[in-house]
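J.: Shown below is the structure under consideration.
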Amino acid sequence: MASIIMLNVFIRLAGLLERTETGVILNTLAGRADLVSAMLWLLFLRLLSMPGPDEKIIKQSEELQKALDKKTAELAKANGEMESLGYSITHDLRAPLRAIDGFSAALLEDCAGKLDKEEKGNLEMVRASASRMTSIMDSLAVFFRVTRSALKKENVDLGAMAERIIGGLRDAQPGRPVEFLAEKGLEASVDRDMLRLALENLLGNSWKFTRGHAAARIEFGSAEKDGRKVYFIRDDGAGFDMNYKAKLFAPFQRLHSTREFEGAGLGLAITRRIIERHDGSIWAEGEAEKGATFYFTLG
Amino acid sequence: MEKIILLVEDDPGDVELTKRALKRASITNKVVLAGDGSEALDYLFAAGKYAGRNAEETPYVVMLDLKLPKIDGLEVLRRMRADERTKSVPVVILTAHANGQTISNGYSLGIVSYLKKPIDTEQLSEIVRQLEKHWMAVTGKR
C-alpha cells in the first residue's frame, strides 16, 4: 500500500520536475518501480522489528521499578522485625528481670538474720546486675524510639535548653563548682524532645567527666566552618585518647571502665542517631586529662 | 459482703511479688486470681468456671495488668464499663512501662489509678486511701 502511494508521488513529482535533475532521477526511479517497491517494503519491515528508543527506556524503567518494589518490601520486612525486636527488649525482657530483682530483694528481707555479710553481698550483686540490665534496656528502648519516631521540627533556642539542662545537673549536685558558658542566639529548627536528649547526653557527659577536676568549665557555642554552622560542647575534664576515636560513637563501646565512670555505653550512639536524623554529623576531639570537644552540625 | 481483690495478671513472678507487696502493706483482703482477660470476664460476669457465682457480688477493686493473653487489659476494662453490673467497679491498672497513651486510655475508661510494676507498699498505701475515698463517695458505707 505504502509503496503504491510512494510510486504515485514519484510519478507526479517526476511530471512536475521533468526538466530538472531531480526530475530525471525521479523518472528513473519511476521506471524501476519494482525495485523501489521492494526496497520500500524491506525498509518498512526493518523499522517494524526494531524497538524504538522510547520502548527501550520504558522496559528499563519497568525493570528498575520491579527492583525498587522488591527492595521496599525487604526494607518493610526488616523494619517490622526491628519493631518486634524493640518491643521484646522493652517489654518481654522486663518481666523476668523484675522477678530476678524482686525475689532477690525478698530473700534479703526474709533471710536478713540468717545471711552473713558475704551472702548478703552476693544477693546485692544479683540486684545490681538486674538493675544494670534494666538500665541498658531503657537505653536500647530510647535508641529504637529515636530511630523510628517521626521528627516534629520547631524553632528551639538551644542555648536556653542547655542552660536548663545544666540547671538540672546543678540541682542534683549542688556542691560542684562548674562554670557553664552558653552562646546567645543559638537557635535552630529541630525536634525539641530529640535535641533535648542529645544535649542531655553531651552535657551530662561533660558534667560526669569533669568531676575529677577541682573546678570545671563547660562551654556551648558555635563556629563557622566551610560555610556551615558548627555547634560545639567543650569541657576541660577527663578527655579521651584520640587513638580510640572510632569507638566513641559506637554502641556499647566504652573508653573508660565502669569503675572509673559509670554508663551503659549507648548515650553517644543515641546522640549520633539524633544528629543524623537531622541530616547533621557529629565528631569529637579530645586529649586524655585535657578535656574534650564535641562538634555537630544540624542539616 | 466480702471485699475481694480481683488480681488479673498472667506472669507468675508478678503475681507472687504483688501478693507479697499486698501482705507487707497489711492488706488482708481475699485475692482472686485470673490468669488472663477471658478468665477475668468469666469471674466478673459469673460465666465459664465461675458460672455458679453470684454476679451481684462485684469485687472491691480489680487490679488489672494490661498485657494479658486471650483478651487484653484495656478490652476487659471496656467490657466492664459497658455493663451495668460492673460499670462502677474500681480498677487499678498495673503496668511495667508507663506509656502515656495507654495511661490516658485507661483514665478515659475511668480507672482509679495506675501502678508501675514492681509494685511497692508505698504505692499500695496510696491506692488504699483512694479506694476508701471512692467507696465512701459511692455508697456511704463499705
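The values are calculated or read from the model by the stated rules, or taken from the named source; none is laboratory data. Predicted model, so just to flag it, every value in this text is computed and none were measured. Note that each Cβ is placed from the backbone with ideal geometry, even for glycine, and that neighbours are counted across all protein chains shown. Areas reflect the complete protein model, heavy atoms only, side chains present, ligands, DNA and RNA absent. Shrake-Rupley method; radii C 1.70, N 1.55, O 1.52, S 1.80 Å.
J.: Between a first residue in the stretch A:150-172 that is in contact (Cβ under 8 Å) with a residue 40 or more places away in the chain and open to solvent by 40 Å² or more (accessible area, probe 1.4 Å) and a second residue that is acidic (Asp, Glu) and outside any loop (DSSP other than H, G, I, E, B), which pairs have beta carbons less than 9 Å apart while being 6 or more apart in sequence or on different chains?
T.: Here the result reads A:Leu151/A:Asp191; A:Lys152/A:Asp191; A:Lys152/A:Asp193, each pair linking the stretch A:150-172 to a residue that is acidic (Asp, Glu) and outside any loop (DSSP other than H, G, I, E, B).
J.: Out of all the residues in the stretch A:48-60, is one or more closer than 30 Å to B:Pro69 by Cα, part of a helix (DSSP H, G or I) and among the β-branched types (Val, Ile, Thr)?
T.: The answer is no; no qualifying residue exists.
J.: Can you list the strands (runs of 3 or more DSSP E) lying wholly within the stretch B:1-110 that have 2 or more residues being within 14 Å of chain A (Cβ to nearest Cβ) and touching a helix residue (DSSP H, G or I) at 6+ places or on another chain (Cβ under 9 Å)?
T.: Qualifying strands (runs of 3 or more DSSP E): B:91-95.
J.: Also, quick follow-up: Does the stretch A:145-169 hold any residues that are out of contact with any strand residue (DSSP E or B) (no Cβ under 7 Å at 6 or more places or on another chain), over 13 Å from A:Ile274 (Cβ atoms) and part of a helix (DSSP H, G or I), and which are they?
T.: Hits for the stretch A:145-169 are A:Ala160, A:Met161, A:Arg164, A:Ile165, A:Gly167, A:Gly168, A:Leu169.
J.: Here's a follow-up. State all residues of the stretch A:174-195 that are surrounded by 13 or more Cβ atoms within 10 Å (Cβ to Cβ) and part of a loop (DSSP other than H, G, I, E, B); if no residue qualifies, say none.
T.: Within the stretch A:174-195, A:Arg176, A:Glu183, A:Leu186 meet the criteria.
J.: Sticking with this one: Can you pull out the residues in the stretch B:25-42 that are within 26 Å of B:Arg129 (Cβ to Cβ) and open to solvent by less than 20 Å² (accessible area, probe 1.4 Å)?
T.: The initial filter retains those residues of the stretch B:25-42 that are within 26 Å of B:Arg129 (Cβ to Cβ), namely B:25-34, B:40.
If the condition is that a residue be within 26 Å of B:Arg129 (Cβ to Cβ) and open to solvent by less than 20 Å² (accessible area, probe 1.4 Å), then B:Val32, B:Ala34, B:Ala40 are the ones that fit.
J.: Moving to a separate point now. For the stretch A:117-132, state whether one or more residues are open to solvent by less than 20 Å² (accessible area, probe 1.4 Å) and either under 29 Å from A:Thr90 (Cα atoms) or touching a helix residue (DSSP H, G or I) at 6+ places or on another chain (Cβ under 6 Å) (or both).
T.: Looking for residues that are open to solvent by less than 20 Å² (accessible area, probe 1.4 Å) and either under 29 Å from A:Thr90 (Cα atoms) or touching a helix residue (DSSP H, G or I) at 6+ places or on another chain (Cβ under 6 Å) (or both), one finds at least one in the stretch A:117-132, hence yes.
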